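Can you read through this structure? Questions will come right after.
Readers should treat all values here as calculations from the given coordinates under stated rules, not as data from a laboratory. All values derive from a computational prediction rather than experimental measurement. Here the Cβ positions follow ideal geometry from the backbone for every residue, glycine too, while neighbour counts run over all protein chains shown.
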Amino acid sequence: MKVIRQVHEENYSIYNGDCMEVLPTLDDNSIDLIVNSPPFAGLYNYSSSNKDFSNCDSKEQFLEQYEYLVKECARVTKPGRINAIHVMEIINQKGSNWDFPHEVVKIHEKYGFEYKNRITIWKEPLKVRMRTMVMSLMHKFIVEDSTNCFTASPDYVLIFKKKGDNQVPVIHPFGLKNYAGAVPILPNILTAFNNANNTTFNEAQLWQHLNNEYYDSKEPNNKLSHYIWQRYASSTWDDIRIDEVLKYKNTKDEDDEKHVHPLQLDVIDRIVELYSNPNEVVLTPFMGVGSEVFSPVSNGRKAIGIELKESYFKQSILNIKGAANRFKKEEQNKLF
């Protein structure tokens, strides 16, 4: 195994190397949860390395390489456990969409995963336009010819469960307590609560009330947990904070840097909370600047991260150092 550098701490191990060289060194059925955002088959290029998935010559070559990865992920994932894959549809040079998520589903099913659901992550159209410069979001086409206008593509998280019986249930004995996102209280919830309790709370006041009443509750079916789950259980996550990401602007290399866009911590936090127990092991084969290691460690899990690009790896070391001190009780209960 050729690894440029590796760092091992009590709660995490991170590797600067090719995931296809590191993954085979991990034991069978040793990983409790996998979370990753794979290179999107040429949509973005991350480095000039010929080992970089984003530098495949064609989508067929990419899918062939990606299949090797999924096979290894299936081997190391414990039976009955979850792989959560962050993807999106890809617009080719001719402006047509390629259903990349569909290809990801097919490959995972081939290697013993059950496809459970697709979570849609809403993105603000203007920000998508500014970041991607996609022509179909330009307002001028509404005036000139709206057959050239199409909606902003969302992100997706595809949830797969490895076939077999889960030997250790993922439990939340006191329900869910911490909300990862911008808007924990929906207007209809607020209205119903006020009507039922003869109160006049606004959203912030209700959220504070729920935390005061139930944050330390030993009752698993408390209202705080119910309200959080009602938001998480939606097929569309429409309040993911786009800028809730780790530091990454210092990772750019002059010779080959083309794209840096870390996955939002809200997304990772939700997946980690829902699908792993404290002290279990979360793996990401595409660590980037450390997001999928930082989140599990800060939430009381252990993590393994693999990153090919040296500048990303260096930034991840800096980012992950602060993981253990990320949450403080006074911050957990702050108003949104």
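Once R0 is set to 22 Å, what does the formula 1/(1 + (r/R0)^6) return for the Cβ-Cβ distance between GLN6 and PHE327, expressed as a FRET efficiency to the nearest 0.05?
According to the calculation, E is roughly 0.25.
Could you check the simple spin-label distance between ALA192 and TYR115, using points 7 Å along Cα→Cβ, in nm with one decimal?
3.2
Here is a further query. Mind running the shape call on the range 183-238? Use the C-alpha gyration tensor, a ≥ b ≥ c as the square roots of the eigenvalues: rounded below 1.5 for a/c, prolate if a/b tops b/c, oblate otherwise.
Verdict is oblate for the range 183-238.
I've got another one for you. Using 0.36 nm per residue, how much length does the chain from LYS127 to LEU318 gain when fully extended, once their Cα-Cα distance is taken away?
Extra length available between LYS127 and LEU318 comes to 66.0 nm.
Starting from the range 110-215, pick out the GluC sites (Glu not before Pro) whose DSSP state is loop and whose Cβ has at most 13 other Cβ atoms within 10 Å.
none
I would also like to ask the following. Let me test this: with uniform point scatterers at the alpha carbons of the chain, what is the Debye-based log₁₀ I(q)/I(0) at q = 0.11 1/Å?
With no solvent term, the Cα-only Debye profile gives -0.77.
Which of PHE113, PHE201 comes first, and how do the rest follow, when ranked by fewest Cβ neighbours within 10 Å?
By the 10 Å Cβ count, ascending, the order reads PHE201, PHE113.
Now, a different point. Over 32 Å between C-alpha atoms is what I'm after, so list which of LYS123/LYS309; LYS116/LYS321; LYS123/LYS247; LYS110/LYS302 land there.
Result: LYS116/LYS321 exceed 32 Å.
Which aspartates and glutamates, on any chain, are close to LYS59 with Cα under 15 Å apart, when same-chain ones fewer than 8 places away are left out?
GLU67, GLU89, ASP99, GLU103
Projected area of the range 141-273, taken from the Cα convex hull and averaged over every viewing direction, in nm²?
Averaged projected hull area, Cα only: 15.2 nm².
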